[in-house]
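Below is one structure, written out as structure tokens; the observations come after it.
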Amino acid sequence: MRILQLNLERGWRGGERQTLLTLRGLREAGHEAELLARADAPLARGARAEGFIVHEVRGAAGMAAWLLRHARRCDVLHAQTAQAMSMLAFLRPCLRRPVVFTRRTAFGPKRHPGRTRWKWSRADALVAISEAAARAPRDLGLEVRVIPSAVEARPADPRAVEALRERHALGGRTVLLTAAALSPEKDPRTLIEAVAILAAERPDLVCLHCGADGAAGEEARARVRTLGLEDAYRFAGFQPRIEDFLALARVYVSSSRFEALGTSVLDACLAGVPVVATAVGGHLETLAQGRGLLCEPGDAEGMARQAARVLDHPEEAAAMARRAREHVARHYSVPAMVSAYLAVYQAL
């Protein structure tokens, strides 16, 4: 089959990573996988560097023009983002090709649910990356198949790990790690407050925050300064090799208020790092049955208490991390994800 993946995002986050993993898996399975993406965005550059056919456009209008000219030579059109699905929904009568949409968010439509239902219903197959992401379309009476996102184990580079240790002066420090954009839904403020509580009793503690800047960035940096946490809470920016940072971490923490799945949590699990996360969305699925510790969103004291439990009970934490690693390796692998998508494509 010739399968076109559509993703117009400008940056690099979980959805773009999943798009590239899907392209790789389809190629390995012997299919023709192509990408329609924003010109010179990280996804387009990465896919092109790996030898994929990449059709680059400047925006939604360019995507529409390309689809009207070329879409019929593809067997399946797979929208990896809501924006791409919006375009396919309007053009659907002209394209005459099966459409698949993968939903990656957990919150439902805030306005115009009827319009949203119409858009989602234009997909021949509606996929959600978790039960949490499937809830909103099911509430609108739509049929949804859950295909979890995938992660793949990537070994840390020992030399890079040591370089990071030296650069951040981590000798003798206890490292907490998070990888999340500085956006409101990721709630960095709660994590900063939790680190302040921990650091008051553990002067060796340092939290490394990896992630791109966002709408909550200015407030987060100001809060760190107000609390005098410049040494204990450090903003490391977006990091393409999070595995090197995970090799330094004693605990991985996610303070998200909304999370459809949370591939960074999956990365931590696969790396064998114990996870403390908010009891929201996909975290509830990934970390169930003793695979992680949960706290309520916005509860800095609860988050600090759970992180302290990991640090104070290393044997219990190691057993928890083993359960999580085995679960993620089994249920969130690239071959499993691609096999599930291929079944959807072939049915269409």
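A short reminder: the numbers here are calculations on the coordinates, not readings from a lab. Since this is a predicted model, take the numbers as computed values, not measurements. Ideal geometry is used to build each Cβ from the backbone, glycine not excepted, and the neighbour counts take in all protein chains shown.
Structure notes:
- Here the Karplus relation 6.51 cos²θ - 1.76 cosθ + 1.60, evaluated at θ = phi - 60°, turns the backbone of segment 75-89 into coupling constants of 7, 9, 10, 10, 7, 8, 9, 5, 4, 5, 5, 4, 5, 5, 4 Hz, with x for every Gly and Pro.
- Electrostatic dipole magnitude of the chain [Cβ: Lys, Arg +1; Asp, Glu -1; Cα centre; debye, to 20]: 1480 debye
- Residue-normalised convex hull volume from the C-alpha trace of segment 200-338: 120 Å³ per residue.
- Fewest-first ranking of Tyr345, Tyr233, Tyr332, using other Cβ atoms within 10 Å as the exposure measure: Tyr345, Tyr332, Tyr233
- Simple spin-label estimate for Glu218 and Arg257 gives 1.8 nm between the two label positions (7 Å along the Cα-to-Cβ direction from each Cα).
- At most 16 other Cβ within 10 Å, DSSP loop - trypsin sites (Lys or Arg not before Pro), segment 59-124: Arg96, Lys110, Arg111
- Long-range amide H partners of Ala236 with built H, under 5 Å: His209, Cys210, Gly211
- Gain in span if fully extended, Arg138 to Glu201, counting 0.36 nm per residue against the direct Cα distance: 18.1 nm
- As a rough guide to protection, the peptides 4-13, 333-342 ranked by mean Cβ packing within 10 Å, highest first, stand as 4-13, 333-342.
- Residue order for Thr22, Thr102, fewest other beta carbons within 10 angstrom first, comes to Thr22, Thr102.
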